[in-house]
Amino acid sequence: MSEYTGVRGTVWFRAFTGQASPMLGDPKSVLTADAPLGNDRARFLCVVPDPHARFPCARHGEVGLEEAFTLATRVREVIEHDKNTIKRPIIAIVDVKSQAYGRREETAAIFLAAAAAADAYGSTRLAGHPVITLVVGHALSGAFLTHGYQANRILAFDDGGVMIHAMHKEAAARVTRRSVDELEKLAKEIAPMSYDIRDYAKLGLLYKLLHVENPAKPSRQEIQNVQGELVAAIADARTSPVDLRNRLESTAAREMRKASILVRTKLEAQWLET
Amino acid sequence: MEQIEFNYAAKRKVHKRAHVGVVGSGDLEVVLEPAEGDVASVFIRTSVHGFRDTWKAVLDRFFTNYDGAVRIQINDAGATPGSVQLRLEQAAEVSER
Amino acid sequence: MSNKGYNANFINRQSFIELDARERATALFDAGTSRELLGPFDRVESPWLPMQGVTPQADDGCVVMKGKITGQAAVVVALEGAFQGGSMGEVSGEKMTAALDLACADNEKGIPTSAVILLETGGVRLQEANLGLAAIAELMASILVLRKHAPVICLTAGTVGCFGGMSLAAGLASYVVMTREARLGMNGPEVIEQENGVEEFDSSDRALIWAIHGGEQRYATGLADALVDDDTPQVADAIRRFVSKGVPPVHRSSQVALYRNRIEELDTSRQWDPKEFRALWATNGSNEEKR
């Protein structure tokens, strides 16, 4: 499992938009740009490291207070702008180290900041905008809930540097009182615990797993291919309900989330009984 | 996780099911349901291995005063014999109300 | 009625914190109107815990009850903090999300139905990692839809508090009710100390913990809508009031400009005294509930 490097986000943001800058007045840790994608003009967003960030605990690719509220602002804008026109796609490019772990963050309610960003993404989806997430590196825990997990469709690279999980291995081992080896062994048998993106794909939450030789250095052709996949995901989202039911209705979910499906079926039956 | 099973003779029907407890530190969950026939069966799932004799002792004691035909499920994460006794008695009491 | 702890009323108070999830949920309903759905006798348990030698609980640590609160239809979903720290697994997560979706469907059929979620939780259940995390994302999506129709009320009373990914669910709620003993935050003190050192957060400093995450601080800084004593009738009363109040004009998590400006105005060169912070972020009005 490779370490978070903090470069992939910028690489892919630049590949799709031709630039890598924040919008005027925004912190350097949030890149936002509108650029052509298929027949749309999509809004791309990405959280990247900013070693000079105002908050000391958010300087290495963490999603902190400023990042969360900037995302919320730039995502919400789109609802307002597009009120009477075509609902533009929102593309979240995700490679985030984690949420920010700091006393300032907790005092100033980072839980609310994170909720505000998720609210923005979710509300934009509910308003009819296709929200697509592309995981190009790490997508951990609170950071992923904030930036990316409210999407209609999630795509990821099938690469050792891509990781979606609730907690880093060492910390997870410590909290569950196991060795890292034991954790890795368990993760091989228990798909939801795995750190391997191919096992994550079995859970039925991913729209597609994409292959790129080296996600840190994609070729022109690979960039075009990925753009094509994003366009297909957008089209798929546009012809589907705006909620997240696809995550439970996918072929893989019917295999790996049987308990979830059973809960939903039984609960509905019991709800209707008087 | 260790699974242990015991059976005891039962003499009377039980009419009400009961649920007490939580699978938490020092506690356990007891799910008691009426069963057909003249047997009370107990199914234990515990994350603490090697205490079959202790379980038997507690259950033997409980069933000297209890003769209902039931199926009892116990989900345990390391409760003391005292807690087990308490929860069994509570479950029995709830099902007699 | 006084809200100070040590007077004659203290002796008569009925502790809400001492109740388990099932008892807490029952206490919030109009007497005799509640029934449990997918309870322990239905045996819908975690498929993942037995695989790793962890004893499952028959309701997977999540209680779903339907009934009436102040005469109106309501669903209450309570996490059992004593089971696996109230953490979100596949089943407990889906119970909560599906319950909110069913409440939403009833609202759409013309039956106003509120939701109350009792959050005593550390967040994702690590033994189910990615299914727990996904469950939280799906729960958040369902809260966003339901809260347009009817209030989603978050109640955190302690002792576990509401942490991790589930703090985002609290952040999306229409109203947040807390006791003084309760705590609400994304990251607990131990995690912060682990990641950024004891200077950043001394996890042995209990006064500091409550000064930052505790109910009184959250209420005083406008992040919780009511602060209640650990007294069951008071808690139930607060819930009734918010059910009656209905959907707020604007949800806290949608007030982006307000909070973004507040963050921008902060002097990040130093740590802040939590009491000083109250002056900066005194309650902002709309969702406030004074006691």
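No value in this document is a laboratory result; all are computed from the given coordinates. Please read all numbers here as calculations on a predicted model, not as lab measurements. All Cβ positions, glycine included, derive from the backbone under ideal geometry; neighbour counts span all protein chains shown.
Run through the DSSP bridge list for chain C and note the antiparallel percent, rounded to the nearest 5. Before the final figure, lay out the partial values.
Working: 12 of 32 bridges.
In chain C, DSSP labels about 40 percent of beta bridges as antiparallel.
Through the Karplus equation 6.51 cos²θ - 1.76 cosθ + 1.60, θ set to phi - 60°, convert the phi angles of the stretch A:219-224 into ³J(HN,Hα) values in whole Hz; use x for Gly and Pro.
3J(HN,Hα) across the stretch A:219-224, in whole Hz: 7, 3, 4, 5, 4, 4.
Taking the Cα centre of the protein assembly as shown as origin and charging only Cβ (+1 Lys, Arg; -1 Asp, Glu), how large is the dipole, in debye to the nearest 20? Present the calculation step by step, with values, prior to reporting the outcome.
Numbers: 76 positive and 86 negative charges, 278 e Å.
Dipole of the protein assembly as shown, to the nearest 20 debye: 1340 debye.
Points 7 angstrom from Cα along the Cβ direction at residue B:25 and residue A:217: gap in nanometres?
Spacing of the two 7 Å Cα→Cβ label points: 5.1 nm.
Two decimals is fine: what's Rg over Rh for the stretch A:124-242, C-alpha atoms, Kirkwood radius as Rh? Mind showing how you got there, number by number?
Values: Rg = 15.7 Å, Rh = 15.5 Å.
Dividing the radius of gyration by the Kirkwood radius yields 1.01.
For every helix of n ≥ 4 consecutive DSSP H residues, a contribution of -39,500 (n - 2.57) applies; sum these over chain A, divide by its total residues, and give [θ] at 222 nm rounded to the nearest 500 deg cm²/dmol.
On the way: 12 runs with 121 residues, N = 274.
So the calculated ellipticity at 222 nm is -13000 deg cm²/dmol.
Could you please report the charge total around residue A:52, scoring K, R as +1 and D, E as -1 over all other residues with beta-carbon less than 10 angstrom from its beta-carbon? It would help to have the intermediate numbers written out before the result.
Values: positive: A:28, A:54, A:59; negative: A:50.
Local net charge: +2.
Residue by residue through the stretch A:14-20, what is 3J(HN,Hα) from phi via Karplus (6.51 cos²θ - 1.76 cosθ + 1.60, θ = phi - 60°)? Round to whole Hz and write x for glycine and proline.
These are the phi-based 3J(HN,Hα) values: 5, 4, 8, 10, x, 8, 8 Hz.
For chain C, set up a GNM with springs between Cα atoms under 10 Å and report which of C:161, C:86, C:110 has the largest fluctuation.
Of C:161, C:86, C:110, the Gaussian network model singles out C:110 as fluctuating most.
Report, in order of residue number, the helices in chain C meeting two criteria: a C-alpha extent of 18 Å or more along the helix axis, and a mean Kyte-Doolittle hydropathy of at least 1.6; treat each whole DSSP H run as one helix. Intermediate values should be presented prior to the final figure.
Working: long enough: C:90-108 (27 Å, -0.18); C:129-146 (26 Å, 1.94); C:232-245 (20 Å, -0.26).
The answer, listed by residue number, is C:129-146.
Once amide H atoms are built 1.01 Å from N in the peptide plane, which residues 5 or more positions from residue A:190, or in another chain, come under 5 Å H to H?
Those qualifying (amide H under 5 Å, at least 5 residues apart or on another chain) number zero.
When only Cα pairs under 8 Å and 6 or more residues apart are kept, what is the percent relative contact order across chain B?
Values: 218 pairs, mean separation 39.9, N = 97.
Worked out over chain B, it gives 41 percent.
Return a whole-number percent for the relative contact order of the stretch A:8-243, with Cα pairs under 8 Å and 6 or more residues apart as the contact set.
Details: 451 pairs, mean separation 41.2, N = 236.
Relative contact order comes out at 17 percent.
Could you work out [θ]222 nm for chain B from helices alone, using -39500 (n - 2.57) per DSSP H run of at least four and dividing by all its residues? Round to the nearest 500 deg cm²/dmol. Don't skip to the answer; put the middle values down first.
Values: 2 runs with 29 residues, N = 97.
One gets -9500 deg cm²/dmol as the mean residue ellipticity at 222 nm.
When the helix-only estimate is applied to chain C (DSSP H runs of n ≥ 4, each -39,500 (n - 2.57), divided by the residue count), what is the mean residue ellipticity at 222 nm, nearest 500 deg cm²/dmol?
Working: 11 runs with 109 residues, N = 291.
Result for chain C: -11000 deg cm²/dmol, rounded to the nearest 500.
Residues in the stretch C:66-98, backbone N under 17 Å from the label point at residue A:272 (7 Å along the Cα-to-beta-carbon vector): list them, ranges by number please.
C:98
What translational diffusion coefficient, to the nearest whole µm²/s, does the stretch B:2-96 have by Stokes-Einstein, given a Kirkwood radius computed over alpha-carbon pairs, a temperature of 10 °C and 1.306 mPa s viscosity?
Numbers: Rh = 13.0 Å.
Reported coefficient: 122 µm²/s.
Hey, what did chain C get for relative contact order, percent, Cα under 8 Å, at least 6 apart? If you can, show how the numbers build up before the last one.
Values: 565 pairs, mean separation 45.8, N = 291.
Result for chain C is 16 percent.
Just flag the trypsin sites (Lys or Arg not before Pro) in the stretch C:88-180 sitting in loop per DSSP whose Cβ has no more than 10 other Cβ atoms within 10 Å. Each step should come with its number before you reach the end.
On the way: sites: C:95, C:109, C:125, C:147, C:148, C:180; in loops: C:109, C:125, C:147, C:148, C:180.
Answer by residue number: C:109.
For residue C:68, which lysines qualify as cross-link partners when the Cα separation must be under 27 Å and same-chain residues fewer than eight apart are set aside?
A:266, B:16, C:95, C:109, C:148, C:245, C:290
Which one of C:12, A:272, C:136 has its Cα pushed farthest toward the positive end of the charge dipole of the protein assembly as shown, where Lys and Arg give +1 and Asp and Glu give -1 at the Cβ?
A:272
I want the antiparallel fraction of DSSP beta bridges within the protein assembly as shown, as a percent rounded to 5.
Working: 39 of 87 bridges.
DSSP beta bridges in the protein assembly as shown are roughly 45 percent antiparallel.
Alpha carbon centre of the stretch C:181-206 versus the stretch C:208-285: separation in Å?
Spelled out, the Cα-based centre of one part sits 19 Å from the other.
Could you go through the stretch A:163-169 in sequence order and give the Karplus-derived ³J(HN,Hα) for each residue, using 6.51 cos²θ - 1.76 cosθ + 1.60 with θ = phi - 60°, rounded to whole Hz, and x for Gly and Pro?
Here the 3J(HN,Hα) series is 9, 10, 6, 8, 6, 4, 3 Hz.
Go ahead and set up a Gaussian network model of chain A, Cα springs under 10 Å, then flag whichever of A:232, A:42, A:113 fluctuates most.
In the Gaussian network model the winner is A:232.
Across chain A, how large is the tail of the calculated P(r) beyond 35 Å, expressed as a percent of all Cα pairs? It would help to have the intermediate numbers written out before the result.
Values: 5658 of 37401 pairs.
It works out to 15 percent of all Cα pairs.
Would you mind telling me the antiparallel percentage of the DSSP bridges in chain A, rounded to 5? Can you show the working numbers first?
On the way: 8 of 29 bridges.
If I count the DSSP bridges inside chain A, around 30 percent turn out antiparallel.
Not counting the cut sites, what is the longest span of chain A without GluC sites (Glu not before Pro) that DSSP labels loop and that have at most 16 other Cβ atoms within 10 Å? Present the calculation step by step, with values, prior to reporting the outcome.
Working: sites that count: A:3, A:213, A:273.
The answer is A:4-212.
Exactly which trypsin sites (Lys or Arg not before Pro) in the stretch A:47-100 are in a DSSP loop and have at most 14 other Cβ atoms within 10 Å? If you can, show how the numbers build up before the last one.
Numbers: sites: A:54, A:59, A:74, A:76, A:83, A:87, A:97; in loops: A:54, A:59, A:83, A:87, A:97.
Hits after loop and neighbour filter: A:83.
Rg to Rh for the protein assembly as shown: what is it, with Cα atoms only and Rh by Kirkwood?
Working: Rg = 25.0 Å, Rh = 25.6 Å.
Looking at the protein assembly as shown, the ratio lands at 0.98.
Nearest 10 degrees, 0 to 90: what angle lies between the long axis of helix B:52-64 and the longest principal axis of chain B (Cα atoms)?
30
Pick from C:44, C:91, C:64 the residue whose mean-square fluctuation is largest in a GNM of chain C, springs joining Cα atoms under 10 Å.
Of C:44, C:91, C:64, the most mobile in the Gaussian network model is C:44.
Could you list the residues of the stretch C:57-87 with an amide nitrogen less than 17 Å from a label point located 7 Å from the Cα of residue B:17 in the Cα-to-C-beta direction?
C:57-66
Which residue, A:210, A:4, A:69, has the largest displacement toward the positive end of the dipole of chain A when charges sit on each Cβ (Lys, Arg +1; Asp, Glu -1)?
A:69
Can you give me the long-range amide H partners of residue B:70? Hydrogens built in the peptide plane at 1.01 Å from N, cutoff under 5 Å, separation of 5 or more residues or another chain.
Result for residue B:70 returns B:35, B:40, B:41.
List the residues whose amide H sits under 5 Å from the amide H of residue C:87, counting only those 5 or more places along or on another chain, with H placed 1.01 Å from N in the peptide plane.
C:122
Where in the stretch C:103-208 are there GluC sites (Glu not before Pro) that are in a DSSP coil and have at most 15 other Cβ atoms within 10 angstrom of their Cβ?
Numbers: sites: C:108, C:120, C:128, C:138, C:181, C:190, C:193, C:195, C:199, C:200; in loops: C:120, C:128, C:181, C:199, C:200.
Answer in residue order: C:199.
Can you work out the FRET efficiency for the pair residue A:255 and residue B:89, with r the C-beta to C-beta distance and R0 = 51 Å, to the nearest 0.05? Could you put the intermediate results ahead of the total?
Working: r = 44 Å, r/R0 = 0.85.
The calculated FRET efficiency here is 0.70.
With each pseudo-label sitting 7 Å past Cα toward Cβ, what's the residue C:276-residue A:35 distance in nm, one decimal?
Taking the simple label geometry, residue C:276 and residue A:35 are separated by 4.3 nm.
What whole number of Å gives the distance from the Cα centroid of the stretch A:1-77 to the Cα centroid of the stretch A:119-159?
Going from one Cα centre to the other spans 13 Å.
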